[in-house]
Every structure is written in structure tokens, then in C-alpha cells.
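Below is one structure; the comments refer to it alone.
The values are calculated or read from the model by the stated rules, or taken from the named source; none is laboratory data. For clarity, every value in this text was computed on a predicted model and none was experimentally measured. Here the Cβ positions follow ideal geometry from the backbone for every residue, glycine too, while neighbour counts run over all protein chains shown. Just so you know, the surface numbers come from the protein's heavy atoms only, side chains and all, with ligands and any DNA or RNA stripped out. Shrake-Rupley method; radii C 1.70, N 1.55, O 1.52, S 1.80 Å.
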Amino acid sequence: MMKRKQTITRQCQSLVAGLALVLVSCQPSVKLSPDNIDAVLADMTTDEKITLVVGAGNETFTGYGNTKKIVPGAAGTTSPIERLGITPSVLTDGPAGLRIDTLREGDDKRYYHTGFPIGTALACTWNLPLMYQVGDAIGNEAHEYGLDLIFAPGMNLHRDPLGGRNFEYYSEDPYVTGKMAAAFVKGIQANGVGATLKHYAVNNQETNRKDVDVRIGQRALRELYLRPFEIAVKEAKPWSVMSAYNSINGQQCMESRNLLTTILRRDWGFDGMVVSDWAAPGWRDSGKEMWAGNDLLAPGTPEQREEIRQALRDGKLNEADLDSCARRMLHFITRTPRFNHYAFSNNPDLKAHAQQSLQAAEEAVVLLENKNQTLPFEPTIKRVGMFGMASYNFLAVGTGSGNVKTPHTTNLEEGFAHVGIATNQKLAARYKKVLRDTLSKRANDPLGYSAIPEMDIPEEAILASADSDDAAIITIGRSCGEGADRNAFTDYQLSTLEHTIINKVCKAFHAQGKKVVVVLNVSGVVEVASWKEQPDAVVLSWLLGQEGGDAVCRILKGEVCPSGRLTMTFPVAYEDCNTHDNFPYDFHGPKAIGNYKKIPRNPALKNVHFVDYKEGVHVGYRYFDTFGRKVSYPFGYGLSYTHFAYSDSKVKAKDDGTYEVTVTVTNKGTCAGKEVVQLYAPVRDIKHQLVGFAKTNLLKPGQSQILSMVITPRDLSYFDEAQQAWVVAKGEYRLEVAANSRDVRQQLSLTLSEEKVLDKVHGKL
């Protein structure tokens, strides 16, 4: 009986709301423009405001039909209100390129979009102008396909090598993350479409990502996990920030007013709109999310609208708070191309963008090993034998929200053909048969998206290749996607079969005096210490987008000199990481935690319902370098085909309170190349942290360039929890001008005569 009364009550409330809308629609309406936002807000009914702040979901609206069909495959839309001239806005995923459908109902045309390298690979370019150009290309495609907002860049830190979504993110370091993200955002927004910083904040694991509570100290929170968002907000002024699923110290991010209003808006000056991460009601409280400062609840459901109405009736949400969210939504909408009647072409310059993707891919490749100048290949290398399923199924992009439906994906076989090197076709036929058989069973899993299980190759085939081919390529593949963290055994470590293939191929080819190159076509850090001495060269390609095969082969051939540098540390073993005891996958057993999804929402299970960030600020190189731990490859590492000399380093105080560091870089080798210079400084109990970087132009042999890096007092500061402020300690700072965190080329001294309190903060989580 009670349920029936509640149903009748809701029906009456809906009828009253509907009658109110009818009455309002009969009155003259103020049509939205950038100059009359407050007037439109004053003219809106409460129900219209609620409609505006909840996404359109899969609903149909008068004048627009089903909003999901405006741009098929887009992540969602905002809700239009026709009487006020409020148009829908189309939202899309896009950290490595747009994620929309290529096919449209009743249309034979293919609406392709460019696949760029994954976020980790883009960061390894250390090239801010290049990041801007990639963002510009993606923004242009969004503009020409009728999209208004891109959910990118992803900029959570690589706290642990097993983070399932690390591939979308840039680095273990907040400075390089913030700077690269800012350049990317500026490029996107140069096209008049918006970018979204995500996932705010501390979204560093996928296991139980909607429920996990991150327990973290204020210093680590501010210095590491909030810092990249702060940099990007202040430098790039993004249109949007996406609030994260997880909780921080017991408070759900989407319901945290301190996080979304006090810190983001008051402390940092953010003036855009906040959109929630994708999830339906149930475990969420829509009224609290509005109160906290979420302006758009996505993807949007009728239940969320009713929750907001109920929160208003119960007094848990004030109309003024709803007005604040609605006002920010109106401001956002007036900036969008759709509102401004842009006549999009549906025809971006995909050919030009493919070239941009290729350039980014070439600069993202990191040369890890190159014994006796194995690379670039000598002109005598005419044909190679390619081993490993990924040689033929070269992985281009991630899955989930990081997926891109590219017009093509260039594999290594095609790449070698383009640079004039033949491949062993008998060997290729063995792999291609297995590849075809496997893909035929995966109708919805296209080539280039997911790794194919490795194939055992008969020893006679290896020996035959060693007899007839000039060199060997072994490609190790690891795909990636959101929703699950990586496994220490199957993702991080190489399998027994992969170890066997490396061992057998190296033995056979070395017996003939021939070289072996391992290509790591991977989504994240893998174990290398146990096998890296066997091959003659190791090339880290990451997932390089649609032009990846061409980029790798141009580097192997020597048409491009590698200039990528690591933005994370490669440990010797996973358990060497300072985070491994506080991450979901126990190293001593695959998925040892069992099926966490069946465990009630009760903060009881460590690393599933809660995770302790006991390592504090000592993450990545901040840990390994401070405590002198051995690593396989340090942060910032990468080899080149040439070598560079650093000279004449100087530091100079500027009138604006900043410090300029200059250094002359000279190409001392025999081929043209680019160098990445990194600047480190000690901060409190951390041996050193990155405070600046710059990349040279392409320098010919003998050519020099003066690089300039500007550091601010804030770059040298630490977060003092007692004062709730950023503080610069007095004393002498040894600045390190370096090629990586463990290869210091020159040192400079900077003395600060007094301690300074720079910025007091207000929000405390």
C-alpha cells in the first residue's frame, strides 16, 4: 500500500511539473546568449535547471530527437531546452584520438578518426610543441565532426607499474604530467572545443574503482596527485574537469565540496564546469554531487533528476547551489561550436593528421639497449625474420575509453616494406595463420586492439630464419584497457614461452654472427632485468597509434634518430616498488584477492575497499633515487644514435621572482638528433625532483642550441601540513642539469636566504 501511495505521489509531482512547463512555455522566453546568462537562469524553472545539470542519457528531446544519434558513438550529450535556445552539447572520449562510430545509419561513408600514440607514449616525447600539435589535430577532428567537448587528457599518476589505466596517463611525475597535459589542452581548445582533465583525483587503480577509498596524507596528496591538475588548470584553463569515482580519506570525490569547489575553484581559480565520471544512480547521491560542485551528472538518468528534486524538498540542497551549477552549464554551452551554429564539415584532414601521428610516434620511441651500435641497421640488412604475434598484430591503441577506430594500423611487416627491408614470408605465414584463426573467433575485437596469445615457434623454423635472414626482430605485445589492473605474472612479467623464444632466437642468430632486436609493443612497464642482456638492442615502442609500424621501422632503419625518454622508472623487480604492498594484485599469486565484486560495500578488504598510500611522497624515482635502489632504467632514460655535450650552464634570478637556467647542447655525434635536457632540484627529504625540461630542435652533427628552463619558487617548495601551505626552505639548492635522473651532466647552485610561505590553501581532504 505504501509503495502504491509513493507511486501516486510521484505521478502527481510529475504532472504538476509538466503543467508548470506548459505554462512557462506559453510565456515569452529569453533566448540564451553569452551576454544574458543570468537573465536566462532567472527565467528557468527549477525542473529546467535540473534537466540542464543532468546528462541526456538515451532520451529523446523535442527539436533534437534522440540525442545519442547526433554524433553516433559519442560518449553522451547534455540536455537541450528548446524554449530557451539551449542546445545539446556532444561529449566524446579522446585521450589518443576521438572515440566515435565510423558507420552511421543510412550512410555509406566511413567517418574515420586518427589514432595517436597512447598518453604514456606521448609524454615520452618530452616535446611540448608536439603535444600542442597533437591536441590541435584531435581538437580539429572533434570540431569537424560536430563534437563540443573531449574527455581528455587523462592525467593521474603512474603510482604503481600495475595500474590498469597507466597507458592513458603520462608519468609517475606530477610536473611533467601537468606540463604535457597543459600543452595538449591548449592544442585542443585552440579549435573552439573543450578539453577535460580527468580523473580528479587520485584515481590510480582500476580494481573496485567505484568504491575504493584512498587513504593518503595531505603532503603526498598536494605534491603528487593534485599538483598536475593544478598546473594544467592554471596554465591551460580547461573548459572542464571530470570528478573521479573513488573516495579520498572517506569522502567520495564526486561528493567532496572541498575537492570540487574549495580547492579547484577557490584555490586554483578554475572557472569551467565539472562533469562526473560515468555511472548510474544507486551508490551515488545526486543531491550531494550538486552541492559539492558537480555541474553535469553523466551520462544522465530520470532517477538522478528525481534525486535532485528530493534533495531540494528535503533541504539537503539549496536552490542557490543548483543555480551555481546551472549557471556554469549555461556558460559552457555558450562556448560550444553547436550553440554557435558552426557548420562542421564531417571531413577533417585525416591525411595531415596521420603525418602528425607519425611524427609523435617517432619521438615517443625509447631506445633502451643498443650494444655495439646494432642500430640503426647497416645497409647490409636486406631481410629480417620477425618473431612474436605482435610483429604482425602490432598494437596501436588501448581499449575502453582510450580506444580509437583508426582507418588503418601499420604493423612491422608493412613498416619494413616501406623502408625497403624484406621480411621472411615463410615465417610470416606461420604467424598469420594463427592470427587469422584467432581473429575469426573474435568478431568484435579488431586487429590492433588486443594482444594475441604468443605462439610456440618450432626450433627448425628459428634455425632456418637464422640461416637465411640478416637479423631477427622479436616483438613482445601487451594490450590495455580500463576496468582492471595489470597482473604481475601475465602483464608485468614475460611468460615462460616469451623467455624461451628470446633465448632460442638469440642463440641461433648469434651463432651466425647476426643481431637480434626486441621491440616492446606494450601498454605499460614490463620486467626486463632477467633477459635484456641477451638481445643486441631493445626498443620500447609503447602503443604508437595507427602509424606505429612505420615509426618503429624508420627508427630501426636509421631514417629517424630516437629521442624518446622514459617518464617512469623501470624497476628490477615489481616487489622493489615502494607501492607493491599497497596495490590490489598480490605479487605472490595472480589475482590472489579473489572476486572482490561479490564482497559487500564495506571498507574491510585492503587494496580493494581501501588502499593505504603509506609510501607518501616517495613514489617512482623519488623513492628509487632517494634511497639508492637499483633500477633497470631510471626516470628520464633513453639512448640515441648520436651523443650530446652539455656546456655553459647558468642560473639567473629574474625580476619576476623566477630563475632562468640555460645550457648549451651540442651534437657531438655523426647523425642528426634531438636531446631532452632535464632539470632536477632537492626538495626537503627527496633527493631531487623534476623542476624543468626542454627538448632541442633536430641538431645536425656539430650544431648547438641554447635551451632555457624557467623555475619558480613554487617548483622548489614542499607542502607543509602544519601550516596548510606551500613553503620554500632557505638554504643552498644544488640544481642538476641532467640527461636522466641518474645522469647529471652539470651542476648549479642556487641560494635562498630565507624561508618563504608561498600559498596558504583552504580545502583539506
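Put +1 on the Cβ of every Lys and Arg and -1 on every Asp and Glu Cβ in the chain; which of T496, L84, P701 then has its Cα farthest towards the positive end of the dipole?
L84
Shape of region 143-248 from its Cα gyration tensor (a ≥ b ≥ c, root eigenvalues): rounded if a/c is under 1.5, otherwise prolate when a/b > b/c, or oblate? Working shown, then result.
Values: a/c = 2.04, a/b = 1.60, b/c = 1.28.
Since a/c reaches 1.5 and a/b is larger than b/c, the shape of region 143-248 is classed as prolate.
How big is the C-alpha Rg of region 185-304 next to the rule-of-thumb value 2.2 N^0.38 Å, as a ratio? Could the numbers behind the result be given before it?
Details: Rg = 13.9 Å, N = 120, 2.2 N^0.38 = 13.6 Å.
Normalised by 2.2 N^0.38 Å, the Cα Rg of region 185-304 equals 1.02.
Label points 7 Å out from Cα along the Cβ direction at D467 and E303: separation in nm?
6.7 nm
Just to check I understand the Karplus step: with θ = phi - 60° and J = 6.51 cos²θ - 1.76 cosθ + 1.60, what whole-Hz values come out for region 84-99, glycine and proline as x?
Per-residue couplings from phi come out as 9, x, 8, 7, x, 10, 9, 10, 9, 6, x, x, 10, x, 5, 10 Hz.
Can you tell me the 0 to 90 degree angle between the C-alpha axis of helix 350-364 and the longest principal axis of the chain, rounded to 10?
Compared with the principal axis, the helix lies near 60 degrees.
Kindly give the semi-axes, whole Å and largest first, of the ellipsoid equivalent to region 684-733, taking each as the square root of 5 times a Cα gyration tensor eigenvalue.
On the way: eigenvalues 230, 20, 17 Å².
Semi-axes from the Cα gyration tensor: 34, 10, 9 Å.
Taking a spot 7 Å from the Cα of N36 along the direction of its beta carbon, which residues of region 61-86 have an amide N less than 14 Å from it?
83-86, by backbone N distance to the label point.
Rank D491, D685, D35 by accessible area, highest first, at a 1.4 Å probe radius?
Numbers: D491 40, D685 75, D35 150 Å².
Per-residue accessible area, sorted high to low, gives D35, D685, D491.
With a 1.4 Å probe and all protein chains left in place, how much accessible area per residue does the chain have, in Å²? Kindly include the intermediate steps, with their values, before the conclusion.
Working: 28430 Å² over 765 residues.
Counting only protein heavy atoms, the per-residue value for the chain is 37 Å².
Please figure out what share of the DSSP beta bridges in the chain is antiparallel and state it in percent, rounded to the nearest 5.
60 percent
Determine the alpha carbon to alpha carbon distance for each of K674/K695; K198/K237; K109/K351; K179/K695; K68/K351; K514/K557 and list only those over 18 Å. Present the calculation step by step, with values, prior to reporting the outcome.
Numbers: K674/K695 7 Å; K198/K237 14 Å; K109/K351 16 Å; K179/K695 13 Å; K68/K351 28 Å; K514/K557 16 Å.
Violating the 18 Å limit, Cα to Cα: K68/K351.
Using 0.36 nm per residue, how much length does the chain from K606 to A653 gain when fully extended, once their Cα-Cα distance is taken away? Write down the numbers at each step before the final one.
On the way: separation 47, 0.36 × 47 = 16.92 nm, distance 4.82 nm.
Here the segment from K606 to A653 would lengthen by 12.1 nm.
Considering the Cα trace of region 310-402, what is its radius of gyration and what is Dmax, both in angstroms?
Over region 310-402's Cα set, Rg and Dmax evaluate to 26.4, 79 Å.
Quantify how much of the Cα-Cα distance distribution of the chain extends past 47 Å, in percent.
Values: 62023 of 292230 pairs.
Everything past 47 Å amounts to 21 percent.
Hey, what angle do you get for helix 459-468 against the long axis of the chain, alpha-carbon based, 0 to 90 degrees rounded to 10?
Computed tilt is about 70 degrees.
Any idea what the dipole of region 400-498 comes to, in debye rounded to 20, about its Cα centre with Lys/Arg Cβ at +1 and Asp/Glu Cβ at -1? Could you put the intermediate results ahead of the total?
Values: 10 positive and 15 negative charges, 102 e Å.
Dipole magnitude for region 400-498 comes out near 480 debye.
Given the DSSP H assignment, sum -39500 (n - 2.57) over each helix run of at least 4 residues in the chain and divide by its residue total; what's the result at 222 nm in deg cm²/dmol, nearest 500?
Numbers: 17 runs with 202 residues, N = 765.
About -8000 deg cm²/dmol.
Can you give the extra length, in nm with one decimal, that the chain gains between R110 and L698 once fully stretched, where that is 0.36 nm per residue apart less the Cα-Cα distance?
Working: separation 588, 0.36 × 588 = 211.68 nm, distance 3.69 nm.
Full extension of this stretch gives 208.0 nm more.
If amide H atoms are built 1.01 Å from N in the plane of the peptide, which residues on other chains or at least 5 residues away come under 5 Å of the amide H of A152?
Here T196 satisfy the definition.
Leaving ligands, DNA and RNA out of it, work out the accessible area of R215 with a 1.4 Å probe and give it in Å² to the nearest 10.
90 Å²
Dipole magnitude of the chain about its Cα centre, charges +1 at Lys/Arg Cβ and -1 at Asp/Glu Cβ only, in debye to the nearest 20?
Numbers: 87 positive and 88 negative charges, 114 e Å.
With only Lys, Arg, Asp and Glu charged at Cβ, the dipole is about 540 debye.
Would you work out what percent of the accessible area of the chain, with all protein chains in place, is carbon or sulfur (probe 1.4 Å)?
Details: 14150 of 28430 Å².
The nonpolar share, carbon plus sulfur, comes to 50 percent.
What do you get for the angle between helix 302-314 and the principal long axis of the chain? Use alpha-carbon atoms, 0 to 90 degrees, nearest ten.
Between the helix axis and the principal axis of the chain, the angle is about 50 degrees.
Over all alpha-carbon pairs of region 286-335, lay out the pair-distance distribution in 10 Å bins, whole %, shortest bin first.
27, 56, 16, 1
For region 613-722, take the alpha-carbon Rg, divide it by the Kirkwood Rh, and send me Rg/Rh.
Working: Rg = 16.5 Å, Rh = 15.9 Å.
Dividing the radius of gyration by the Kirkwood radius yields 1.04.
Indicate the gyration tensor shape class of region 405-561 (rounded, prolate or oblate), computed on the Cα atoms with a ≥ b ≥ c the square roots of the eigenvalues: a/c under 1.5 is rounded; otherwise a/b larger than b/c is prolate and the rest oblate. Could the numbers behind the result be given before it?
On the way: a/c = 1.37, a/b = 1.22, b/c = 1.12.
Rounded is the answer for region 405-561, as its axis ratio a/c remains below 1.5.
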